[in-house]
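*Asks:* I'd like to ask you about the structure that follows.
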Amino acid sequence: MSTTTIEHIVLFNIKPTATTTQLSTMLTSLNSLTTLPMVLHLSAGKLHKNRSSSFSFTHILHSRYRTKQHLADYSSHPDHLSAVRTTVLPICDDLIAVDWVAENLDGPIGVNPGSAIRVQLIKLKQDVEEEKKGEVIQVISGLKGSFSGIEQLTVGENFSPERAKGFQICSIGVFGGIHELDSLELNSEIGNKKDKVRDSIDSLVIVDYVVPLSPSNRSG
């Protein structure tokens, strides 16, 4: 079943001085937000791999909402504000947050435990025209058809620029597990598709994350 969903991603760079207790408290606090009524899916944890040389991200939060208003309600909710203020900000060196509208999301809104996801954020060169931006989105959207291991793929333009550090195009690929995700690198057809738009891209953030086997996830 296809539906329109709001994707929300936050990438954190946690200070190396953070203690195990602080990290555990932060993740427990963030994952507990899945109980908020407007949250369709939420998972927070340590990255499996950061493929970005320009940023040192260590952790991620991925959540989904039915509408932009539901995302706004989540962002302003006292429980969310408290979690960020008391458990995230004291140990976080840097972060990026992006949001986009995922059109025609196939399959369940919740992401199953054990699934692997790849998040890609793209900053385009300043002189890139709207037509070329659309081509970049089209190429990313077409990757699902080139690799059977991608169970879900959403892509769109970020509509929350305040904490996005200039990154404009965002995507999430959901895979059955880390083996399927690692196999993506061996697919030459996908590499060829990406080469067609590489000249339009200024910089990339690419991170991989495995949803924990016992997360505080909720599907809706």
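*Asks:* Quote to one decimal, in nm, the extra length available between residue 76 and residue 89 on full extension: 0.36 nm per residue of separation minus the C-alpha distance between them. Show your work: numbers first, answer last.
*Replies:* Numbers: separation 13, 0.36 × 13 = 4.68 nm, distance 1.60 nm.
So the extension gain works out to 3.1 nm.
*Asks:* Also, quick follow-up: Once fully extended, how much extra length lies between residue 203 and residue 103, figured as 0.36 nm per residue of separation less the alpha-carbon to alpha-carbon distance?
*Replies:* Details: separation 100, 0.36 × 100 = 36.00 nm, distance 2.44 nm.
Length difference between fully extended and current span is 33.6 nm.
*Asks:* A further question on this structure: Project the alpha carbons of segment 3-210 onto their principal axes and report the range along each, largest first, in whole Å.
*Replies:* 45, 36, 36
*Asks:* What whole-number distance in Å separates the alpha-carbon centres of segment 108-128 and segment 6-85?
*Replies:* Cα centres, segment 108-128 to segment 6-85: 15 Å.
*Asks:* Of 46/144; 15/133; 15/132, which ones are farther than 30 Å apart at the Cα?
*Replies:* Working: 46/144 25 Å; 15/133 35 Å; 15/132 38 Å.
Result: 15/133; 15/132 exceed 30 Å.
*Asks:* 222 nm [θ] for the chain, helices only, -39500 (n - 2.57) per DSSP H run of 4+, per residue, to 500? It would help to have the intermediate numbers written out before the result.
*Replies:* Values: 6 runs with 53 residues, N = 220.
Rounded to the nearest 500, it is -6500 deg cm²/dmol.
*Asks:* Tell me, 172, 109 in order of fewest to most beta-carbon neighbours within 10 Å?
*Replies:* Working: 172 22, 109 18.
Exposure proxy ranking, most exposed first: 109, 172.
*Asks:* Taking a ≥ b ≥ c as the square roots of the Cα gyration tensor eigenvalues, with a/c under 1.5 meaning rounded and otherwise prolate when a/b beats b/c, else oblate, which class fits segment 19-103?
*Replies:* Values: a/c = 1.92, a/b = 1.25, b/c = 1.53.
In terms of gyration-tensor shape, oblate.
*Asks:* Mind putting a number on the dipole of the chain about its Cα centre? Charges go on the C-beta only, +1 for Lys and Arg and -1 for Asp and Glu, and I need it in Debye to the nearest 20. Please list the in-between numbers first.
*Replies:* Values: 21 positive and 24 negative charges, 95 e Å.
Value, rounded to 20: 460 debye.
*Asks:* Okay, moving on. Across segment 112-190, what fraction of all alpha-carbon pairs, as a whole percent, falls in each successive 10 Å bin from zero upward?
*Replies:* Histogramming segment 112-190 at 10 Å steps yields 17, 45, 30, 8, 0 percent.
Every number here is computed from the coordinates shown, using simple stated rules; none is lab data. Just so it is clear, the model here is predicted, and its values are computed rather than measured. Note: ideal-geometry Cβ built from the backbone for every residue, glycine included; neighbour counts use all protein chains shown.
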